[in-house]
Amino acid sequence: MTYADLHLGPAVDIAVDLAGVLAGGVTGNLAYDLLKHAVVSFRGRRSAPGRSDATADTPLARAEALAAALGAVTDAWPEHAPHVDRFAVRQEQRTATGMWRFVLVRSRDIFTVHVPPGEPSFDRIEVHRRAG
């Protein structure tokens, strides 16, 4: 599946958070903020009524996985943090195991990001960069 633009769908709150961060000129810890949002959202789903504690490998929602992917990219390459709103999702896929694979493009750089199911953290997210 190929996408022409970044569409966060139900994750409007992420876009609003990013806009506020960028408008305020704060780019120092943008990756952390993105990841924090994904973790808070994930924990909220885990603590929902009727949920068991055995959700360590619960697949992330698209918005959570995308926020974690963007956070991992800007953590590894901080020079892209001020331009996080200019990333385009070229491809995305969610596997049967719950892993998300995103191909993100910014300018001439192409990033392939694998976000596993479970609570997101940068040490579990695999990121590859191909400079154009």
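Remarks
- Contour excess over end-to-end distance, with Cα ends at residue 101 and residue 57 and 0.36 nm allotted per residue: 14.2 nm
- Fully extended contour minus Cα-Cα distance, from residue 110 to residue 131, at 0.36 nm per residue: 6.9 nm
- Segment residue 93-residue 123, length gained on full extension (0.36 nm per residue, minus Cα span): 8.7 nm
- Rounded accessible area of residue 105 (nearest 10 Å², 1.4 Å probe): 20
- For residue 58, nonlocal amide neighbours, meaning residues 5 or more places apart or on other chains whose placed amide H falls under 5 Å from its own, are 118.
The values are calculated or read from the model by the stated rules, or taken from the named source; none is laboratory data. Quick caveat, the model's predicted, so the values are computed rather than measured. For accessibility, only protein heavy atoms count, side chains too; no ligands or nucleic acids. Shrake-Rupley method; radii C 1.70, N 1.55, O 1.52, S 1.80 Å.
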